Amino acid sequence: MTSDQLDELVEVALTHPDPRRGAIALFIDIARAQPFEDGNKRTAIFAANAHLIAEGAGCFLTVPQSDGDPSVAAAFNEALAKAYIYGEREPLERMLFDDGIIDRV
């Protein structure tokens, strides 16, 4: 992926009318693009949260997980893999919107 392609990907996500959905799109797009040798998901979550903070959304994006239920992490990893390999975004978007958006307290 070129720098210009990455810039375009970020611009599209940041212009979404709902900052939460834009942050989720940004996370998925950066993670899927794999622009770095290492740390793509960490960078993607950082960028998504920077966007949410800048927009005053009052929430953060986290990776869904549960200390008592390892199936949550397994479901996230499966949805992420399907988004990477097949471009199936909707299950991952839904999971992140339902279980990954955490309101600030």
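The values are calculated or read from the model by the stated rules, or taken from the named source; none is laboratory data. Everything numeric in this text was worked out from a predicted model, so none of it was measured. Methodologically, a virtual Cβ is constructed for each residue, glycine included, from the backbone with ideal geometry; neighbour enumeration extends over all protein chains shown. The protein model used for the area step is the full one, side chains on, heavy atoms only, and it has no ligands, DNA or RNA in it. Shrake-Rupley method; radii C 1.70, N 1.55, O 1.52, S 1.80 Å.
Look at segment 72-86: where a residue is at positive phi and among the aromatic types (Phe, Trp, Tyr), no partner that is surrounded by fewer than 12 Cβ atoms within 10 Å (Cβ to Cβ) and at pLDDT below 95 sits 6+ places away or on another chain with Cβ atoms under 9 Å. In segment 27-39, the residues that are more than 15 Å from residue 62 (Cα to Cα) reach residues that are at pLDDT below 85 and among the hydrophobic types (A, V, I, L, M, F, W, C) with C-beta atoms within less than 7 angstrom, at least six apart or across chains, in these pairs: 29/9; 29/13; 33/1; 33/6; 33/9; 35/1; 35/6.
Condition check ((1) open to solvent by less than 20 Å² (accessible area, probe 1.4 Å); (2) at pLDDT 85 or above) across all residues:
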| position | (1), (2) |
| --- | --- |
| 3 | no, no |
| 10 | no, no |
| 16 | no, yes |
| 23 | yes, yes |
| 58 | no, yes |
| 62 | no, yes |
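Take the conditions (1) open to solvent by less than 80 Å² (accessible area, probe 1.4 Å); (2) at pLDDT 95 or above; (3) charged (D, E, K, R); residue 69 misses just one of them, which is (2).
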